[in-house]
Structure formats: structure tokens, C-alpha cells
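The values are calculated or read from the model by the stated rules, or taken from the named source; none is laboratory data. Computed from a predicted model, the values in this text were never measured in an experiment. Here Cβ is always computed from backbone atoms with ideal geometry, including for glycine, and neighbour counts include all displayed protein chains.
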Amino acid sequence: MLEDLIYVVYKENHSEEALREIFNLHPEIKFVSFVGVDLAGNDTDEKIPVSIFIQDLYTFLKGAVQTDGSSVSFPGIASLNNGKIDMIADLDANWFVDYNYEHIDIKTGKPIGTLRIPCYLYHDNKPIDSRHLLKSSIDFFKDSLIDLFKTYPETLSQFNISLDDIDYIDVTSATELEFWVKTPNDKAEIEELSTSQVLHEQYWTRTKGAVRTSLEQSIMLLEYYGLSPEMGHKEVGGVKAKLDDSGKLTHIMEQLEIDWKYSNPLQCADNELLARNIIKETFRRNGLDVTFLAKPVDGVAGSGKHVHIGIAIKLKNGKKINLFSTNKEHFLSNIGYSALMGILKNYEVINPFISSTNDSFRRLKPGFEAPVCIVTSIGHAVELPSRNRTILVGVVRDLQNSLSTRFELRSPNPHTNTYLAIATLYLTMLDGIKYAIENKKSEDELLAELSKKAGESSDYLEKNRAYRSEENIFEDFTQEERENYFGKVPATVYENLISFENYPEKLKALQAGEIFTDKIINSFKLAALSRWVTEITHRLINNYAEEIRSYKMIHSKDTSSDLDMSNWMRINELRQHIMKDTHNYKSLFTKIREAEENNDYKEISDLQKELDLEMVRLRKLYDCYKKNILDI
């Protein structure tokens, strides 16, 4: 049955005639949905009956569908008195058919399908959505690169070509998606998960039962949709499941990863939206919960979403040249070095688009293979490609295939807005490339600058910073050394967002081409701040309160020791410090709520850091206390 369904409607079939024929041949497609992506990364899903869509095909394809701005996240742009948003179909992207396998069409015996049409969102006749920001950024990047080649034609001599040889600039991107899967309502012990992680007991082991079935079904569906999945496997997190009396696996708690083939940046981000829905729904149909949270379980590995980016030239003779690779005895070309430097120098204004939630910052901690410093690794020697997994931006090289050279950003998580992340990466790469080409920098000069030590002056990178290390960032440096060499990283969403104000020169690099305008930046910031504060005051505090109440006195007066009583007194004192007010003292919870009422974001940020530290201390204290109790 699956082979009889249509999964993709390619751009060649986006005409009225072709669509009428598709709907006629596939009556199981009952709905059409326009998919726009707001600045927070939320995608719309507006169900339009196919009968209505067919009646006015021309308007739907060439005109606009209207929606209320209150249903999308554009604060400071779409307001209550001016909230109309126009949705304009993207005729150049792949359109996917989303099937509801639990709703079968009586006449055809096939699952009900919804044709999802990617679109752009316009407000007051101006594009404001994530998809258009990415498209505009990539177009500007390509046009700027061609202009640089025209002005400095000698740049192309390193590739043994001229401007006339170029057909077009080929920009490619891909993502790798990690996620946790578990049996609903089951909880695994943190210590058990942590021990399994340290021992690497789950990494690359075989999947079993419903997890195996779900993983295989997900990969098969991705193939039907043309995403060309390359691999699905277990990641480092998880514990061994248990068998119930019927032979079924229970207490499932595993971390998985699925990768698929690269594409152009806009299609790459669209593909990821599709993949997330496929994975979540496929596992759910098999009775399993999937979470794409960056850090669903404290104390064990979080889930990342590594973003791969590359640049190539397609020549008129059909040959392709990777602009990051070089024929010289170097790790990268001068374009490769300078593009990497552009990301590293300007990362402070990229980072707000990468990590804009409390969950994302819980993941970025030392010791969990998540990057904590603005630093790269390119390898100990040209003939030895880097395999360093502790850095922010990796350089992926295959000595047998120059076309595979690319950068891997390791800081994003599954909820990072991929459209905005990729857009900011290419805009900041352009800043570095312009520096190198306009100043006629050689590979030797750029490598020396990239490899400079903290305190050494350079023309482009900051004096007091180092940007390259081939060492283990977690184990070979203390926290003080990391901050001295690579800069102090933000610890909260607020500290991340104020980078827009703290680094105005870097913001200029991001705003080249007038794509990320002040209005767009401000809207993104307002949305992120609102989400951050709301989550702290209405979710985080409530969850912490429930956790604190669960830490009860469990020792008996008859069997307890003086150590038990001492431990409990320390625990209870900390519980009250965090949660309980008196006439003379306000708890951390109350201080945070009062800071929210005063819109004092810095105070909220400082108190959040204190709260998180105290909760970590409380958990450790209670764990020690509990382990010393004989009778529970």
C-alpha cells in the first residue's frame, strides 16, 4: 500500500493542470496545508479541504492565503490592531504529502493525506518569516561571492579557473538529528543512565523490539519522501530495557540518531521539519514517546542537531569544485580558512539563534560532548583530519574526496530554528571571506591568524582570544583557562540575547544585505525573552517545587545516625532557601517572580543561575542522604 501513495510533489508539478491531475489520481489526499515558519521556528498547519483548494487554484498558487498574526510569533511586527499575515506559496520547494495512518479513506482504503505547501509569510507586503530570511541570505551570499570574484579575479587562480568558467555557486547544508525515545510514563534512575553513558553501553548497540521497528519504519518513510537517509543508530545515552511477562520490552529509555542526505539550505530545513514529524508519529504509533528536547534528563547526554555547511562551484563543463578545499599542502583554501574565521569571530551574534531556550543551555555543559567554547579544530597535520568532538565548529575532511570538505556546527539542538541558524552562518562566513579576498590574504597568513594564541594581535580576529585547539576542551583546560583563551560564554537566554547590544560591530556582519533588519532582530529577541521568562515562572519553578516537595525526611529516629540528622538538616535548610518565604526572608522563587513583575531581566538571569546551582546541590545532598538510610 505504501508504494501506491504519492509522497512528494516536485516543482515541475506545481501548475494548475498537474495538481488537478494529482488530486484526481489520488483522492486519498483530502486536505492542503500552507506551511510557514515564524521566527521561533514554529510551523503553521492550516487545513484546507481539497475541494475548496481546487475551486480557486489560481489564487492559492499565485495569490495569498491569509492568517491571523496571533497564531504565529512576530512580536513587535504583527499586533492585535495590525495582525493580518499573508501566506504565499513557495513554488520552487518540494511539497510533501503528510499521511494520517490512523485515518483510512473508506473509498480507497488508503490513509488520508494532507498536501503541505511551504510558504512565505508577509506582513504589510514585507516578508518576515524564517524561510524567506534563509532564502534571502543564501541569495545575497551567492551574489556577493560572484561580485568578489569579479572584482578580485585572481582569487579563482588557486582553483585553476576563471569567472567565465563558473555556471553557478552551489551551497549545501545538512543536519543530523538526535532524540530520546521512551516508554510512556516510565522513568529511569539518573545514576543508572549516567553509569551507562560513561561505560558507553548503549552507543552503536543493536536496537530491539518496538524501538527497532520504529527506527526501521522511520528510515523507510524517509526514503519514500526522497530524503535519502544515510544512517540510523543508537547514541550514547540510554539504559537496557526490561522484559515483561509477555516478552515485550518495557522501561525503554534510549537515545537515537538519524541522518539523511544534504540538500540546498532551504530544502534542508524543510526536510528536517518533515523528518521530525515522521519520526515522532512513527514511534508514537508503536507506543513510544519521542522528545526532541535538548536536555530531557539532567545529568546525562542531551540531544544535539549538528549542522553541516559547504560551498562549491559548478562549472559550465559539469565539474564541481569545493571552495573549502585546496590543492596546496594546507588544511583548507583561503576561502575555507576565512569562512571558518567569519563564524568564529562573529559567533556571539549567531549564538542567540542557536540557543534561545532554557533547555538548550542545560545541554551546553562540559563533559557531555556538547561545545562550551568558541573554538575550532582542523587537525594536528594536513594528512590527519581532525576528529575532535569537544569544539564548536569542526572541519570535516576526507583525503580521498575533496568535495566532502565542510564545516560542522555542533552547538545546535533539535529545537534550534534551522532556517535562521543556517542563514546566520552563511552571512558571517561572508564577512570572513570578504576580509581575506579584499586584503589578498594567503593560506599561510590565514592559518597563522586562525592558530594565534590569546594575546597575539591580528588583522581580523580579536587580540585577547584564541580560536583553534587540537586538545580536549573539557579535560585539558580548566574553566578559568577556557574563559581566558576562548572567551566567557553566556549561561542564560538573557545573557545570550544581549550579545546583540554588546557586539554592535559583529551585528553589522549579520545585517549585511539588510536581511536581518533591526525590526526582525527585535522581534526575535522579544519572542525569545517572553518564552524564557514564561517558562521560568510558569514551568521551571513549578517543576522544581514538585521536586523539592518529594525530598522528604526518610530516616527513623530509632535507626538513624547523627550523620542522617545532619544531612537532613542541610537538605531542609536548602529547601526552604529555594522555596519557602518567611516574614523576614524571601525565597529564590519569590525573588524571581518579583523580578518578572518589574521586567528586570538581568535580575531574573542572575537568580536563575543561582537557582540552578542550588538545585544541583540539593539533588546531590539528597542522594547522599538517601544512600545512607538502611530502611526505606
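Please find, within region 514-553, the residue that is nearest to D139 (Cα to Cα) out of those that are among the small types (G, A, S) and in contact with a Leu (Cβ under 7 Å, 6 or more places away or on another chain).
S523
Has region 411-419 got any residue that is more than 16 Å from the chain's Cα centre (by Cα), within 22 Å of L145 (Cα to Cα), aromatic (F, W, Y) and in a helix (DSSP H, G or I)?
no
Considering each residue of region 352-367, count those that are within 12 Å of A491 (Cβ to Cβ), out of contact with any Phe, Trp or Tyr (no Cβ under 8 Å at 6 or more places or on another chain) and not hydrophobic (A, V, I, L, M, F, W, C), and give that number.
Initially, region 352-367 is screened for residues within 12 Å of A491 (Cβ to Cβ), giving 355, 358, 360-362, 364-365.
Among the residues that remain, those that are also out of contact with any Phe, Trp or Tyr (no Cβ under 8 Å at 6 or more places or on another chain) are: 360-362, 364-365.
Adding the requirement that they be not hydrophobic (A, V, I, L, M, F, W, C) leaves 360, 362, 365.
Residues in region 352-367 being within 12 Å of A491 (Cβ to Cβ), out of contact with any Phe, Trp or Tyr (no Cβ under 8 Å at 6 or more places or on another chain) and not hydrophobic (A, V, I, L, M, F, W, C): 3 in total.
Among the residues of region 375-405, write down those that are part of a strand (DSSP E or B) and hydroxyl-bearing (S, T, Y).
Across region 375-405, the qualifying residues are T376, S377, S402, S404, T405.
Can you spot a residue in region 486-504 that is of a type in the set (S, T, Y), more than 30 Å from I536 (Cβ to Cβ) and assigned by TED's automatic domain parsing to the domain that holds N264? Before the answer, list the steps.
Here is the first cut: in region 486-504, the ones of a type in the set (S, T, Y) are 492, 494, 499, 503.
Going one step further and asking which of them are more than 30 Å from I536 (Cβ to Cβ), we end up with none.
Within region 486-504 (the criterion being of a type in the set (S, T, Y), more than 30 Å from I536 (Cβ to Cβ) and assigned by TED's automatic domain parsing to the domain that holds N264), the answer is no, since none of the residues qualifies.
Looking at region 103-126, which of its residues are assigned to a strand (DSSP E or B) and either charged (D, E, K, R) or outside the structural domain of D86 (by TED's automatic domain parsing) (or both)?
Within region 103-126, R116, K126 meet the criteria.
Pairs, please: C-beta under 7 Å, at least 6 apart or cross-chain, first residue closer than 15 Å to L618 by Cα and at pLDDT 90 or above and in region 543-570, second basic (K, R) and surrounded by 14 or more Cβ atoms within 10 Å (Cβ to Cβ)?
Within 7 Å, the pairs are I548/R575; Y551/R575.
Go through region 510-534 and count every residue that is within 19 Å of the chain's Cα centre (by Cα) and within 24 Å of L607 (Cα to Cα).
Matching residues across region 510-534 total 7.
When the residues of region 501-524 are narrowed to those that are part of a helix (DSSP H, G or I) and among the hydrophobic types (A, V, I, L, M, F, W, C), which ends up surrounded by the most Cβ atoms within 10 Å (Cβ to Cβ)?
Only one residue fits best here, namely F524.
Give the residue, chosen from L177, L133, that is within 22 Å of A275 (Cβ to Cβ), part of a strand (DSSP E or B) and within 23 Å of the chain's Cα centre (by Cα). Even if it seems obvious, please write down each step before you answer.
On the way: L133 fails: part of a strand (DSSP E or B).
Just a single option satisfies the conditions, and that option is L177.
Going through region 543-563 one residue at a time, which ones are under 17 Å from V297 (Cα atoms) and of a type in the set (S, T, N, Q)?
Listed by number, the list holds a single entry, N543.
Can you tell me which residue in region 1-17 is modelled with the highest pLDDT, limited to those that are out of contact with any helix residue (DSSP H, G or I) (no Cβ under 7 Å at 6 or more places or on another chain), assigned to a helix (DSSP H, G or I) and farther than 16 Å from F60 by Cα?
Only one residue tops the list, namely E12.
Kindly provide the set of residues from region 36-67 that are surrounded by 15 or more Cβ atoms within 10 Å (Cβ to Cβ) and among the aliphatic types (A, V, I, L, M), ordered by number.
Those that are surrounded by 15 or more Cβ atoms within 10 Å (Cβ to Cβ) and among the aliphatic types (A, V, I, L, M): V37, L39, A40, I48, V50, I54, L57, L61, A64, V65.
Return the residues of region 461-505 that are hydroxyl-bearing (S, T, Y) and in contact with a Ser or Thr (Cβ under 8 Å, 6 or more places away or on another chain); say none if nothing qualifies.
Pass one, region 461-505, residues hydroxyl-bearing (S, T, Y): 467, 469, 478, 485, 492, 494, 499, 503.
Passing the criteria: Y467, S469, Y485, T492, Y494.
Report the residue count in region 72-90 for those that are surrounded by fewer than 14 Cβ atoms within 10 Å (Cβ to Cβ) and either touching a Lys or Arg at 6+ places or on another chain (Cβ under 7 Å) or touching a residue at least 24 places away in the same chain (Cβ under 8 Å) (or both).
2
Can you tell me how many residues within region 459-478 are surrounded by 13 or more Cβ atoms within 10 Å (Cβ to Cβ) and within 20 Å of K506 (Cβ to Cβ)?
7
Please determine, by comparing only the residues of region 436-458 that are touching a Leu at 6+ places or on another chain (Cβ under 9 Å) and in contact (Cβ under 8 Å) with a residue 40 or more places away in the chain, which one is surrounded by the most Cβ atoms within 10 Å (Cβ to Cβ).
If we take residues in region 436-458 being touching a Leu at 6+ places or on another chain (Cβ under 9 Å) and in contact (Cβ under 8 Å) with a residue 40 or more places away in the chain, then A436 is surrounded by the most Cβ atoms within 10 Å (Cβ to Cβ).
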